[in-house]
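J.: Right, I'll just put the structure down here and ask away after.
The values are calculated or read from the model by the stated rules, or taken from the named source; none is laboratory data. Values in this document were obtained by computation on a predicted structure and should not be read as measured data. Backbone-built Cβ (ideal geometry, glycine too); neighbour counts: all protein chains shown.
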Amino acid sequence: MKRPVNRPLHGGNLVWAASLANCSPSTILDFSASINPLGPPESAIATLQTHLASLKAYPDPQYHQLRSALGQFHGLSSDWVLPGNGTAELLTWACRELSELDFAALLTPAFGDYWRALKAFDARILPFPMKEFGRQMVDFESISWNFDLDNLSRAGLLLNNPHNPTGILLTKEALLSQLTRWALVVVDEAFMDFLLPEEQQSVIDQVQTHPNLVILRSLTKFYSLPGLRLGYAIAHPDRLQRWQQWRDPWSVNTLAAAVGEVVVQDHEFQQQTWNWLAKAKPLLYQGLAQLPGLTPFPGAANFLLVQSAHSVTELQTALLKRHQILIRDCLSFPELGDCYFRVAIRSEPENQRLLVGLAEILCS
């Protein structure tokens, strides 16, 4: 199904949703953006308040304190870390490097910004579809590699883990097997924080021994700070210095830099998030599975991909007009189209409100 030109490409577009629902954006219950419903943490709010006076000065162009805090969080020296204006900015520079290779392999369905950033530098993109969505953790056997994988010395690989929009988690062992095969491997771990530490499949500990590895991380989803725009890359210092020369100065504002320093140390908030998700997610999954025509998939992240026997655009419109609830359609993922939608995990009362709204529409 072709995507209407006025339809948003990303989740979280409350102005668009409110115009369709004929209400104020503040009344929309947003399941389209996969943001932690608990936040922002109190530590972030307090930091914003105490750093307002710093707005009269430019940020430190090298972000020494922020890079030090992020490096300490991951057991790395600060020169292995580069903060950015959200992960989206850093993705742009990763894709500039991928575009210099013979081609960039992209696991599909793929986040729309991957296509945007690669096309901005005229990269040759080769999509490789995931075979199934029904398992929570997979290896590379679940991907349709339809070319010779033995000669990849001039090729790059871009993927996210956990995968968006399916929520599938690639095993660390599967990723390790690829690091020696590709000229450049870029792993977007924007949703990895939502997994318990012992369940995470991050490859950050491999970056110092694999100079061809780049890892992208977000601080806006787990800590509920999408409006602040803050992410970071972990890669070889030589690569990050090159990116620093490419980009505009002061990419990260003063308040975002200050907040980034403290939230990664907020262990209480991190545990609260893991406790909430462990309880709320299975309840929402079970509730969706009981509704007629819906098949949720057991992803590893803080969202669920749902297959629908009904038109998702019609379902989305009905939810907005009748209940002021916004779900994320998947029209921006050509492999999914009007048969799938994605919902964030929110608080249990909000999740129940979604289930009631869906039931009222699907059972009427």
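J.: Of all residues in the range 41-65, which are part of a loop (DSSP other than H, G, I, E, B), surrounded by 14 or more Cβ atoms within 10 Å (Cβ to Cβ) and of a type in the set (Ser, Thr, Tyr)?
T.: Listed by number, the list holds a single entry, Tyr63.
J.: With closer than 13 Å to Ala257 by Cα and modelled with pLDDT under 95 as the only criterion, which of Pro83, Pro61 stands out?
T.: Every option except Pro61 fails the conditions.
J.: Within the range 230-239, count every residue that is surrounded by fewer than 21 Cβ atoms within 10 Å (Cβ to Cβ) and under 11 Å from Ala94 (Cβ atoms).
T.: The number of residues fulfilling the criteria is 1.
J.: Here's something else I'd like to know. Of the residues that sit in the range 106-131 and are aromatic (Phe, Trp, Tyr) and under 25 Å from Trp246 (Cβ atoms), which one is surrounded by the fewest Cβ atoms within 10 Å (Cβ to Cβ)?
T.: Narrowing the range 106-131 to residues aromatic (Phe, Trp, Tyr): 111, 114-115, 121, 128.
Those left that are additionally under 25 Å from Trp246 (Cβ atoms): 111, 114-115, 121.
Numbers: Phe111: 24, Tyr114: 25, Trp115: 19, Phe121: 15.
The selected residue is Phe121.
J.: Where in the range 302-364 are the strands (runs of 3 or more DSSP E), entirely inside, with at least 3 residues that are within 17 Å of the chain's Cα centre (by Cα) and closer than 30 Å to Gln272 by Cβ? If you could, list the steps in order and put the result at the bottom.
T.: Numbers: elements: 303-308, 328-330, 337-344.
Fully inside the range 302-364 and qualifying: 303-308, 337-344.
J.: Let me confirm something: among Leu159, Leu149, Leu170, which residue is over 22 Å from Leu277 (Cβ atoms) and either crowded, with 21+ Cβ neighbours inside 10 Å or modelled with pLDDT of 90 or more (or both)? Before the answer, list the steps.
T.: On the way: Leu149 fails: either crowded, with 21+ Cβ neighbours inside 10 Å or modelled with pLDDT of 90 or more (or both); Leu170 fails: over 22 Å from Leu277 (Cβ atoms).
Exactly one of Leu159, Leu149, Leu170 is over 22 Å from Leu277 (Cβ atoms) and either crowded, with 21+ Cβ neighbours inside 10 Å or modelled with pLDDT of 90 or more (or both), namely Leu159.
J.: Determine if the range 66-76 includes at least one residue that is over 30 Å from Thr313 (Cβ atoms), in a loop (DSSP other than H, G, I, E, B), modelled with pLDDT of 95 or more and touching a helix residue (DSSP H, G or I) at 6+ places or on another chain (Cβ under 9 Å).
T.: Yes, the range 66-76 contains at least one residue that is over 30 Å from Thr313 (Cβ atoms), in a loop (DSSP other than H, G, I, E, B), modelled with pLDDT of 95 or more and touching a helix residue (DSSP H, G or I) at 6+ places or on another chain (Cβ under 9 Å).
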